[in-house]
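Each remark here refers to the structure printed beneath this line.
The values are calculated or read from the model by the stated rules, or taken from the named source; none is laboratory data. Treat the numbers as computed from the prediction; the structure is a model and nothing was measured. Here the Cβ is made from the backbone with ideal geometry for all residues, glycine too, and neighbour counts use every protein chain on show. The protein model used for the area step is the full one, side chains on, heavy atoms only, and it has no ligands, DNA or RNA in it. Shrake-Rupley method; radii C 1.70, N 1.55, O 1.52, S 1.80 Å.
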Amino acid sequence: MAGIGVKLNRIYGKNTIATNLVGFGYSSMITVAPMFVVIGAVVLMQYLLGVFKLGYAERELYACTVLYIFIFGLLTASPFNAVLSKYMSDIIYEEKYEDIMPCYYTGLLMNTILSVLVGIPFCIHEYLVGDVQLRFVFAGYCGYMALVFVFYSMLYLSICKVYKKISLFFTIGMLITVLLSVILVYSYDVDAIYAMLVSLDVGFLITGSLEYALIRSYFRENSGRYKAVLQYFKKYWQLVLTNFIYTLGLYMHNFVFWTTDMHLIVVKSFVCMTSYDMATCLAMFTNISASVIFISRVEMHFHERYKKYSEAVIGGRGMDIENAKKRMFEQLSDELMSLVRIQFIVTVVVFFVCMIILPMFGFGGIVMQIYPCLAAGYFVLFTMYAEIIFLYYFDDLNGALFTAISFALATLVGAYLSTSLQPIWFGIGFFAGSVVGWAFAYIRLRYIEKNLDRHIFCRGHILKMGEGIRPDNKVYDASVKEKVM
């Protein structure tokens with residue numbers, strides 16, 4: 001992630017209040033801006049088209065469709081992102097740029113197949129059982145596949161560090177989305193719900209097409225080495241499971257509450273719990289700045305210490321290696337503590353602002369009762385994910401995998417137990433799961449710190465490893481040796 005570090009160093013280097021605000025704004029723009037652009041476009045369309053005046057059933061059908069598009073778009077993309085990111089980083093380091101397009105096409109095919117296997121059965125159920133109009137079902141499916149394409153292409157552009165262009169493409173796509181929805185409704189008399197869904201499809205498709213065009217402009221050659229990509233999935237299978245289980249854990253508590261008596265079923269296909277889902281969204285936004293803060297801090301500080309340690313390992317003295325290791329882990333501890341301190345202040349301020357202002361806009365009742373526990377849970381969660389990233393730095397794939405598993409399982413059990421509690425404690429299961437995952441990752445990092453020398457220097461093999469019949473243990477025959485002598 002060293003691509004934005006130089007820019008951030010220049011901004012924060014002046015060490016003034018104004019530059020700190022500029023730095024935070026710049027970090028936000030290049031990391032989480034696309035999400036806010038999409039949310040802003042959806043809200044603006046609803047306001048311009050007067051969706052709030054429509055019937056409750058129509059609004060819930062649209063809301064659930066968009067919700068499912070995003071949730072399952074992220075879930076079906078999650079098994080591939082980490083492995084493909086690792087492959088991309090390795091071939092860029094080796095300057096084998098002709099291998100990038102085979103990676104792109106192979107991953108896109110795998111992601112598309114999985115997304116189709118998940119999406120088509122649901123759409124058939126929605127049409128046959130839910131009795132939803134075929135045109136609406138098809139529009140929802142197209143939006144789902146287009147968003148999968150967008151998420152997938154974002155991975156490659158993020159590795160290329162072109163965050164500004166990603167935000168620009170989302171802005172262009174969502175501007176077209178809003179304009180198209182207005183034209184369809186007021187010029188062609190299309191009903192607002194269907195117009196918004198079709199417009200989102202077009203916006204996502206344009207965004208994904210712009211991303212793909214930029215990727216093709218960067219990488220024009222194709223080596224045809226598709227098999228090498230598949231071998232990475234076998235070699236780094238822990239990355240596949242880690243990213244998928246972590247993403248699944250993000251929604252695990254929602255899925256649990258969807259099974260309670262408080263859930264809402266729309267057209268016999270979509271299941272949700274509006275109050276809990278809304279509280280989850282608010283809690284995530286309350287702590288979303290943690291990702292911005294973490295990227296900024298890692299870009300400016302830890303990455304440099306990690307680089308110096310790697311250089312010391314390659315050609316330094318034992319004393320140099322030990323000193324570099326000590327400084328690196330001191331920096332790691334500082335980054336985690338700084339993230340917790342800064343994010344705690346941000347979370348507290350945003351939390352009180354939400355508690356005071358949101359009830360004025362109709363957000364109250366059970367939503368604001370559920371919100372506090374979930375806000376605390378996401379505060380711990382983003383810190384836990386920072387630890388997972390550090391485990392990736394040290395190539396501790398098993399530690400990252402077990403962190404994700406412990407988080408997901410603890411969240412599942414905690415959410416199930418919390419369903420019998422009062423609404424104010426509904427989010428305690430997610431909070432407990434985040435704490436368990438954070439604790440496991442922290443213990444693993446401490447273990448890595450104590451055993452880093454063994455981890456770095458004792459993992460090689462004198463002989464090349466392979467599969468087959470093991471050679472005989474006997475080196476030579478003593479009787480033959482005596483005859484020769």
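A few notes on this one:
- Per the Cα gyration tensor, the range 163-310 maps to an equivalent ellipsoid with semi-axes of 34, 27, 20 Å, ordered largest to smallest.
- Taking every C-alpha pair closer than 8 Å and separated by at least 6 residues, the mean separation divided by the residue count of the chain gives a relative contact order of 17 percent.
- At most 15 other Cβ within 10 Å, DSSP loop - trypsin sites (Lys or Arg not before Pro), the range 303-334: Arg317
- In this structure, the residue pairs whose Cα-Cα separation is over 21 Å, taken from Lys86/Lys326; Lys86/Lys234; Lys96/Lys165; Lys308/Lys450, are Lys86/Lys326; Lys96/Lys165.
- The range 311-350: projected area of the alpha-carbon convex hull, averaged over directions, in nm²: 3.0 nm²
- Highest to lowest packing among 440-450, 129-139, scored as the average C-beta count within 10 Å: 440-450, 129-139
- Within the chain, the selection of entire DSSP H helices by a Cα span of 27 Å or greater along the long axis and an average Kyte-Doolittle value of at least 0.5 returns 56-93, 100-128, 134-159, 163-186, 192-218, 237-257, 318-357, 366-393, 397-418, 428-450.
- Per the Debye formula on identical point scatterers at the alpha carbon atoms of the range 65-176, with no solvent, log10 I(q)/I(0) at q = 0.14, 0.15 Å⁻¹ is -0.65, -0.73.
- Cα-Cα pairs of the range 354-431 separated by more than 19 Å (percent): 49 percent
- Within the chain: Cβ-based charge dipole about Cα centre, in debye rounded to nearest 20 (Lys, Arg +1; Asp, Glu -1): 1240 debye
- Stretching the chain fully between Cys458 and Met337 yields a gain of 40.5 nm (0.36 nm per residue, less the alpha carbon separation).
- Cβ crowding within 10 Å averaged over residues, with 196-205, 245-254 ranked highest first: 196-205, 245-254
- Using the Cβ of Ala146 as centre and a radius below 12 Å, the other residues enclosed give a net charge of -2, where K and R count +1 and D and E count -1.
- Cβ charges +1 (Lys, Arg) and -1 (Asp, Glu), total dipole of the range 40-124, debye: 440 debye
- Considering only Met337, Cys64, Leu48, and ranking their Cα positions along the charge dipole of the chain that arises from unit charges at the beta-carbon of Lys, Arg, Asp and Glu, the one farthest toward the positive end is Met337.
- Averaging the Cα positions of each part gives two centres, and for the range 431-452 and the range 209-241 these lie 31 Å apart.
- Shape analysis of the range 164-221 yields a ratio of the Cα radius of gyration to the Kirkwood radius, Rg/Rh, of 1.14.
- Stretched out straight at 0.36 nm per residue, the stretch from Ser420 to Val190 would grow longer than its current Cα-Cα span by 78.4 nm.
- Charge dipole of the chain about the Cα centre (unit charges at C-beta), most positive-ward option of Val37, Gly140, Gly119: Val37
- Under the convention that each Lys and Arg Cβ holds +1 and each Asp and Glu Cβ holds -1, the size of the dipole of the range 122-195 around its Cα centre is about 560 debye.
- What a 1.4 Å probe finds exposed on the range 33-124 is 73% carbon and sulfur by accessible area, rounded to a whole percent.
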